[in-house]
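Inspection log for the structure reproduced underneath, given as structure tokens.
The values are calculated or read from the model by the stated rules, or taken from the named source; none is laboratory data. Remember, it's a predicted structure, so these values are computed and weren't measured experimentally. All Cβ positions, glycine included, derive from the backbone under ideal geometry; neighbour counts span all protein chains shown.
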Amino acid sequence: MKKFLRPYLAFLLMGSLLTTTSCGDDDNPTPADNEEITTVKFTMEPQGKEGNIVTATYKDLDGPGGTAPTKETLLLKANTTYTTELTLLNENETPAVEVHDEILAEGADHQIFFTPSSANLLTVTVTDKDSQNRPIGLASTIVTGAAGTGKLKVVLKHQKGTKAAAPGDATKGETDVEVEFDVIVQN
């Protein structure tokens, strides 16, 4: 079996060397290294009100196309302001890699975009900034509106050399992770 695989692997390696070294087009930057993220966790603390800290986790250990991810619903109070923190993990490593630390360290190359299904349901304001005063998205403030239901899409973009000033440009860069949380805002 090993004799059969050796020529095949050698052929693949030669092919990959040819494709990476033969491309002389400087107008196309090399693809960014996507972060492996298996887990996205929101931690939200209500401001100025007595209330419980809210957490919701999205977990997909085998990536797209495998077993369906597990996800928790964001259960929020109406007309409330939350201070939030986003935790990004690669739980396929032991111990789990805290990818959010790398995102923070490389803030000039990353941005997290938040898209609620309805602005009446909630609004998100990113509060952390990179060295050039552009948004990162690991820390934010969420303000809920009246009671209702919807979704919140969270997208981490790797934008090396393409990151724009606030509010940023979600069409640029490569997607490291994209998840959608169900949201219930209740009285």
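Every condition in (1) farther than 24 Å from residue 149 by Cβ; (2) surrounded by 15 or more Cβ atoms within 10 Å (Cβ to Cβ); (3) under 14 Å from the mean Cα position of the chain (by Cα); (4) not aliphatic (A, V, I, L, M) is met by residue 130 except one, and the failing one is (3). Of the strands (runs of 3 or more DSSP E) entirely within the range 30-121, those holding at least 3 residues that are within 15 Å of the chain's Cα centre (by Cα) and not acidic (Asp, Glu) occupy 39-46, 54-59, 81-90, 110-116.
Can you tell me how many residues in the range 80-97 are of a type in the set (D, E, K, R) and either farther than 30 Å from residue 50 by Cβ or crowded, with 19+ Cβ neighbours inside 10 Å (or both)? The number of residues fulfilling the criteria is 2.
Exactly one residue among 59, 3 is modelled with pLDDT of 95 or more and either surrounded by 15 or more Cβ atoms within 10 Å (Cβ to Cβ) or not hydroxyl-bearing (Ser, Thr, Tyr) (or both), and that residue is 59. Here residue 104 meets each of (1) at pLDDT 95 or above; (2) closer than 28 Å to residue 63 by Cα with one exception, condition (1). Evaluated against (1) surrounded by 21 or more Cβ atoms within 10 Å (Cβ to Cβ); (2) of a type outside the set (Lys, Arg); (3) more than 11 Å from the chain's Cα centre (by Cα), residue 143 falls short on exactly one condition, (1).
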